Each structure stands twice: as C-alpha cells, then as structure tokens.
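The values are calculated or read from the model by the stated rules, or taken from the named source; none is laboratory data. Model, not experiment: these values are computed from the prediction. Don't worry about glycine lacking a Cβ; one is built from the backbone with ideal geometry, like all the others, and counts go over all protein chains shown. SASA here: full protein model, heavy atoms, side chains in, ligands and nucleic acids out. Shrake-Rupley method; radii C 1.70, N 1.55, O 1.52, S 1.80 Å.
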Amino acid sequence: MEECTALQLRDGIARGQYKSFEVTERIFERIERREATIGAFISTFKEEALEKAARVDSNIAAGRKVGSLAGVPIAIKDNLATRFGTTTCGSKILANFAAPYDAHVVEKLEAADAVIVGKCNLDEFAMGSSCENSGLQKTVNPWDASRVPGGSSGGSAAALAAGMCYGALGSDTGGSIRLPASFCGVVGLKPTYGRVSRYGLVAYGSSLDQIGPFGRTCADAALLLQAIAGHDERDSTSIGETEAPVPDYLADLDRPIEDLNIGVAREFFEAEGLDPAVERAVREALNIYEGMGARLVPLSLPHMQYAISAYYLIATAEASSNLARYDGVHYGHRTGRPRDYLDVYYASRAEGFGAEVKRRIMLGTYALSAGYYDAYYLKALKVRNLIRQDFQAAFERVDALCCPTSPEPPFKIGQKVDDPLTMYLSDIYTISANLAGIPAISIPCGLADGRLPIGLQIMTPAFTEDRILRIARMFEAATDYHARRPELKL
Ligand code: GLN
C-alpha cells in the first residue's frame, strides 16, 4: 500500500482491501522516522487522524456511504484555517494562533472523509520560493537534504515526496504550488482564480492567491481538485456553478487530446538563468508530445518579461494591506508597553514578522503611497492587463502553453537567502499564470544529474482544468518520471 496512489488507496480502502486505520498508522510511523530530517510538518494530529480513520473503516464495514477521499491521509499547508490545532502561516506572529473556523477546503476535505494528518511548513505568510523564510522551522528537499524543497508550499510537497501523506493542499500566489512540486518531483496544480474558494486561506495577495492540490499523479491531483472545487458564497470571487460548473476531472483523464496544439513562446527559452539540464528536459518533453501527434506552435508572449516586476508591486501592495491586521491586538503575538497602544503595534510587528515579510510590507506600502501610486501600482495593473491579453491572443491559436516550471533544479539551502532578487527570479515561469488568473500545472519531466527533479509547466485558458489534467496525463502515461521516488535512508 505504500506505493499506492491516493486513488488506488481510496479504492482499496473502499473495497476493504486496506484499512484506513492501518494505513494511517503506517503514515505516522514514517512521520516519526523521517520528520527529524525533513521538517515538513508544523503540526500533526495523530490521535484525531487515527480516530477519523477508524470511523471511516467502520462506516465502510457497515456499508454506509462514504466520501470521495474516504480514509486517505492528506496534509495541508499551514495557512489554511482549521478549528483544530494552530494556523501559524509559518510566522512567529501567529505561532500560537488558533483559528475559530475551518477554511472552505478543510470543510470539503472533511466532507470527503479524508484523514488530515498534519499542517505543513511554508515561507512566512507564503512569501518566498524556498521555505527558508519560515519563521518557525526548516524543511529540506527529500531528494537531497542539502537542498530546498521550493516554496512557499515546500512542506506540503516535501511531505508528499517523502511518503508522509498521499496528497496535499498548498496555495499559489506566484508559483507556490508549482515550484515545490517541481523541486520535489510531484504533480502540483494551481487552479483558475475563482475555481476554489479562498475562504479561510490566510490572505497574501488576494487577487492572485489560489488553493490547489499536490498529488503523485495527475489522477490524484484531479481527485483532490474535485473534492475542493466549486462555488462558495463566502468568497465573493469564487465562480458560480452556472457560469463554470465543476466537471468530472477523472472521467476523461485517460483520453488523449487529439489535434493538440502546444504553444511554445520564444521567451520560454530566453529566460535569465535557465539551466541547461532543465532546457534539455523540457525540449525532450515537447518532443514526446510531438511524437504523440501534437503540433508545436512557436509564438511570443511579449510582456512576460515584465511579469516579475508587476507581480512584486501588486502582490506586495495587497500584502501590505492584508497584513495590517496583525497588530498585536486582534491576532497573535503581543508585546510592548501595555498602556501605549502604538508601542504595542510597533513592538508586536517588529518582533513577530520576519525580514522578508517586513521587506514586502515596506515595498507594498511605498508602491501604494500618494505620489507613487500611479507610477508603480497603477502601472503594474496595466502591465498585468497586457500579460492577460498576451495569453488571450496565444489561446486563440493554441490549446496549451508548455515551458519549464523553474529555471533550475532545486538549489542549495542558503544559496539565495541573502539575495532576494535572485530568489524572486525562481518564479520567472510561474508568476504570469497568477497575473492572468489561468490554471497551470507542474509535472515531473526529468532528473538533473539523475537525481534532482525537473518540472514541466502546462498552462491553459481559465476554467479548463479538465484539459490541463488530460494534457499532463498524456505525458505521464508516456513516461515514468512521476513514479521515481527519492531514496530515503530513514
Ligand atoms: N515566490 C513568490 C513570492 O514570494 C510566490 C509565492 C507564492 O506563490 N505564495 O511571492
């Protein structure tokens, strides 16, 4: 059962071939063995998970109807609010914060009878690309403990890659699902903005944030997306059922798309810092699609080069506003002179936030300040529109776009911490999809030096997650990169 996918496990549990209780026990044995090295989880819920697993087992034994993830151990990112445990966002300021409600996706997982095993590490408030900005702990890459797992959902991806869960949830504002998926050799899907409710996702850049699944396979990503997608009136940007009904993502997954046109933008191979091993793997992937009858269409996304600049104005502007609520009064860590409320604000924020979060708040506040608003924030919004139009034009000609997820394989821990600009460049391929609001997936497509995962990114028009999954599945069916596992001597 260890090597099962989530889907196989779910079916095995439903048939009575496996017991969720035993599977969950095995997961916790692994967590106990591996966590000391990997550091993927901020908190785990062994007792509650085993209880839930036992309940699922007895419901199945009694022939009662169970949910679509019945008995499957799942991990979630620790910026998703849960009534149980803490919701830390990887920040000292929320280290002891107990949320009074469950995020929509947590309710959905519970309703699907998933077994939530723990909450995973992340860059503080999801700001980062390596997990090194977490204010609480370090997470390493299961493929090579001297390297980062990617960020910001690095804990979720590492937990999955290290076999400490069968699927996971992350959030993606500029690449935070896809980059760690690429670095840890798993599938990671950022859905269309509006596909999954953000209710209970701690806000970073509200016009960009989206929750999505990690799976070992495309089918697992489809299974998880199915469980969490759909309208929720508590998130005003969540799309209505009539405008965009949720399709059955598994129904046609194995049916290849005929006459597939894949767009390959010139800019994809001109990016700064593109590693030759990544370029080789992605070109090889494109050849594989061609071999399956796809047509490669050269085109251009002329404004993609401005994506990082626009993103770091828009995301930070939104963050500066979203993070104003952590004032030592409403939430979390409080310090300062008790009778001096300004001192409480200053001192709580100064102590509670890490350096990168402070940098983002300052950048965003500056971009929004009177006199600079037009020159920075407004201009960034215009660039965002141009990028959106680039994609619209491209999707008139092609069904999908394919490129690397990251310009390089997982890098060394510490390599980029002192150079935020270089760190920001890690998201050069992922950020555009958030600015345009379109879905994007990362799937394993190679191993640099035979041991460091490389990810292939596929992007399609808004609300075509069914298409993106089918295209990704075509590659998966033709290769075995998704089946490779890190060698864990633990
Ligand atoms: N690395 C990007 C950032 O730091 C994206 C993070 C994310 O998607 N949450 O903002």
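Residue by residue, here is whether (1) within 16 Å of the ligand (Cβ to nearest atom); (2) assigned to a helix (DSSP H, G or I); (3) of a type outside the set (A, V, I, L, M) holds:
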position: Gln305; (1), (2), (3): no, yes, yes
position: Leu313; (1), (2), (3): yes, yes, no
position: Ala324; (1), (2), (3): no, yes, no
position: Gly328; (1), (2), (3): no, no, yes
position: Ala347; (1), (2), (3): no, yes, no
Note: among Pro191, Pro213, just one is without any contact (Cβ under 8 Å) to a residue 60 or more places away in the chain and in contact with a helix residue (DSSP H, G or I) (Cβ under 8 Å, 6 or more places away or on another chain), namely Pro213
Of the candidates Leu189, Leu169, Leu201, the one satisfying the condition of being within 15 Å of the ligand (Cβ to nearest atom), within 18 Å of Ile74 (Cα to Cα), open to solvent by 10 Å² or more (accessible area, probe 1.4 Å) and not small (Gly, Ala, Ser) is Leu201
Scanning the range 359-409 for residues that are part of a strand (DSSP E or B), away from the ligand (no atom under 16 Å from the Cβ) and in contact with a Ser or Thr (Cβ under 9 Å, 6 or more places away or on another chain) gives Ala400, Leu401
- For Arg234, state whether it is under 23 Å from the mean Cα position of the chain (by Cα) and open to solvent by 80 Å² or more (accessible area, probe 1.4 Å). yes
Going through the range 434-490 in order, the residues found to be of a type in the set (D, E, K, R) and touching a Phe, Trp or Tyr at 6+ places or on another chain (Cβ under 7 Å) are Arg451, Glu465, Asp466
Gly328: passes all of (1) free of Cβ contacts under 8 Å to residues at least 24 places away in the same chain; (2) on the phi > 0 side of the Ramachandran plot; (3) of a type outside the set (Val, Ile, Thr); (4) surrounded by 14 or more Cβ atoms within 10 Å (Cβ to Cβ) but (1)
Within the range 79-111, the count of residues that are of a type outside the set (Val, Ile, Thr), under 20 Å from the mean Cα position of the chain (by Cα) and closer than 27 Å to Lys19 by Cβ comes to 5
A careful count of residues in the range 120-139 that are open to solvent by less than 20 Å² (accessible area, probe 1.4 Å) and either on the phi > 0 side of the Ramachandran plot or more than 16 Å from the ligand (Cβ to nearest atom) (or both) gives 4
